[in-house]
Amino acid sequence: LAKGMGKGGWQRYQSDLAHAMVQRLEMRTQLTEAIEDEQFILQFQPIVEIAEQRVTGVEALVRWQHPTRGLLGPFHFVEAAEENGAIVGIGNWVMREALRQLAEWKAADPGTSLRYISVNVSPRQFRAADFVEQVHTALEQAGARPDWLLLEITESLVLKDAEKVIQDLRALRAMGVRIAIDDFGTGYSSLSYLRQMPVDVLKLDKSFIDDILTSRQQHALVDAIVTLAGNLDLTVVAEGIEEAGQRTALKTMGCHYGQGYHFAKPVWPAEIPALTGSAEPAALSA
Ligand code: C2E
Ligand code: MG
Ligand code: MG
Ligand code: MG
């Protein structure tokens, strides 16, 4: 690796590596403090009913207002937080704050098109012994109905410790909370396996949507998944829709829900009422 770098290059490489390591170690301590300091903040991305272009849900997406590095997206810290366990506290804060925010939007506008909030749950957070209890408490604190909450889990979670996970998923659904498989298609689970899983929604990963206009095979694959999912009574949300053509193609396939820059990027809470309000005409572009 270091061959041909020369002596100066090798030293620079070593000091870059040391710097990266120090930064990672620093981040672990900072992540734990950040919860107490309330340095996390949420953006929300609309989830849209494709045919009507109506916003029926929003996904809560966490950001970290880092004391020195500015606003950081999840790519910069979620993995580290998963490794040191901070994700449990962060994730439970996200769930409480998201439900509080939804309750506020609903109270401010009883005619809002918003029906639910989608919250990402990390494997470590889900596996915590008291997770179901955390959900219960979060709903109660916010005065939220269980069907206001959609929990996004990953395929990898379902594949490991299947028995315990399925038990908890059943308990959550018995409460009335809905479950989504996030980034569907990037992991290993198959649709036939999913049929036995207590889930309600498939979020079809952006990598599947990217090429539906340019690849006939990719189009056929997505079409087949949408049809099969429908037959299994699963709702499909297509992620990462960036072009009008993709929206049209998905609508023709019978995919009812979508999310992506074509409709709206993740926005700050104050921008949501204009996109979901009963007072104004829908603000989303056609
Ligand atoms: P995700 O759950 O699949 O969320 C969608 C991500 O794709 C978001 O990135 C969103 O901004 C981005 N996105 C949406 N539409 C488009 C599009 O049309 N084009 C492109 N290029 N990107 C689009 P973000 O906010 O950076 O989040 C990244 C990931 O971080 C999320 O992927 C999720 O796995 C994780 N994450 C976010 N918030 C949380 C959280 O509260 N807890 C946990 N455990 N993970 C979270
Ligand atoms: Mg998600
Ligand atoms: Mg996703
Ligand atoms: Mg994704």
Subject >> Tensor-based shape of segment 63-132 (alpha-carbon gyration tensor, a/c under 1.5 rounded, otherwise prolate or oblate) >> reply: oblate
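For GLN23 and GLU242, what does the FRET efficiency come to when R0 = 51 Å and r is the distance between their Cβ atoms, rounded to the nearest 0.05? Present the calculation step by step, with values, prior to reporting the outcome.
Numbers: r = 32 Å, r/R0 = 0.63.
Efficiency, from the Cβ-Cβ distance: 0.95.
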Original post:
Hey, got the dipole for segment 149-279? About the Cα centre, +1 on K and R Cβ, -1 on D and E Cβ, debye to the nearest 20?
Top reply: 280 debye
Original post:
What's the carbon and sulfur percent of the chain's accessible surface, probe 1.4 angstrom, rounded to a whole number?
Top reply: 52 percent
**OP:** Could you work out the relative contact order of segment 1-109, using alpha carbon pairs under 8 angstrom and six or more residues apart, expressed as a whole percent?
**Re:** 20 percent
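Assuming 0.36 nm per residue, please report the length gained on full extension of the stretch GLN11 to ALA270 beyond their Cα-Cα distance. If you can, show how the numbers build up before the last one.
On the way: separation 259, 0.36 × 259 = 93.24 nm, distance 4.84 nm.
Roughly 88.4 nm would be gained on extension.
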**OP:** Could you list which residues have their amide H under 5 Å from that of ASN120, counting only those 5 or more apart in sequence or on another chain, with H placed in the peptide plane?
**Re:** ALA60, GLU152
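Just to be sure I follow the definition: excluding the sites themselves, where is the longest run in the chain that has none of the trypsin sites (Lys or Arg not before Pro) in a DSSP loop with at most 11 other Cβ atoms within 10 Å?
Working: sites that count: LYS3, LYS160.
Between exposed loop sites, the widest span is 4-159.
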**OP:** For the chain, give the magnitude of the charge dipole about the Cα centre (Cβ charges: +1 Lys/Arg, -1 Asp/Glu; no others), in debye to the nearest 20.
**Re:** 500 debye
**OP:** From the P(r) of segment 137-205, can you give the percent of Cα pairs sitting at distances over 21 Å?
**Re:** 25 percent
**OP:** Would you mind checking the radius of gyration and Dmax of segment 1-103 based on alpha-carbon positions, in Å?
**Re:** 19.1, 62
Original post:
Spin-label point model (7 Å from Cα, Cβ direction): what's the GLN65 to SER207 distance in nm?
Top reply: 3.5 nm
**OP:** Only residues of segment 91-110 count here: report those whose backbone N is under 14 Å from the spot 7 Å along Cα→Cβ of ALA279, or say none.
**Re:** 105-110
**OP:** Grab the beta carbon distance between ARG216 and GLU163, set R0 = 51 Å, and tell me the FRET efficiency rounded to 0.05.
**Re:** 0.80
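How high is the FRET efficiency between THR137 and LEU191 when r is their beta carbon distance and R₀ equals 41 Å, given to the nearest 0.05?
Values: r = 34 Å, r/R0 = 0.82.
So the FRET efficiency works out to roughly 0.75.
Based on Cβ point charges of +1 for Lys and Arg and -1 for Asp and Glu, what charge dipole magnitude is obtained for segment 154-230 about its Cα centre, in debye rounded to the nearest 20? Kindly include the intermediate steps, with their values, before the conclusion.
Values: 9 positive and 11 negative charges, 51 e Å.
It works out to roughly 240 debye.
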Original post:
Among SER15, SER113, SER215, which one moves the most in a GNM of the chain with springs linking Cα atoms closer than 10 Å?
Top reply: SER15
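What number, rounded to the nearest 500 deg cm²/dmol, is the helix-based mean residue ellipticity at 222 nm of the chain, given -39500 (n - 2.57) per DSSP H run of at least four residues and division by all its residues?
Numbers: 12 runs with 136 residues, N = 286.
That calculation yields -14500 deg cm²/dmol at 222 nm.
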Original post:
Restricting attention to the alpha-carbon atoms of segment 64-217, what are Rg (one decimal) and Dmax (integer), both in Å?
Top reply: 16.7, 49
Subject >> Listed residue (SER190, GLN259, ALA229) projecting farthest to the positive dipole end of the chain, Cβ model >> reply: SER190
Original post:
the chain: D in µm²/s via Stokes-Einstein (Kirkwood Rh, Cα pairs, 10 °C, 1.306 mPa s)?
Top reply: 78 µm²/s
Subject >> Leading residue at positive end of dipole, segment 28-167 (Cβ point charges), from LEU149, GLN125, ILE47 >> reply: ILE47
Subject >> Qualifying GluC sites (Glu not before Pro) for segment 16-113 [loop in DSSP, other Cβ within 10 Å: at most 16] >> reply: GLU38, GLU52
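Heavy-atom accessible area per residue, the chain, 1.4 Å probe: how many Å²?
On the way: 14500 Å² over 286 residues.
Solvent-accessible surface per residue comes out at 51 Å².
The values are calculated or read from the model by the stated rules, or taken from the named source; none is laboratory data. Model, not experiment: these values are computed from the prediction. Counting neighbours? That spans all protein chains shown, and the Cβs are built from the backbone with ideal geometry, glycine included. Just so you know, the surface numbers come from the protein's heavy atoms only, side chains and all, with ligands and any DNA or RNA stripped out. Shrake-Rupley method; radii C 1.70, N 1.55, O 1.52, S 1.80 Å.
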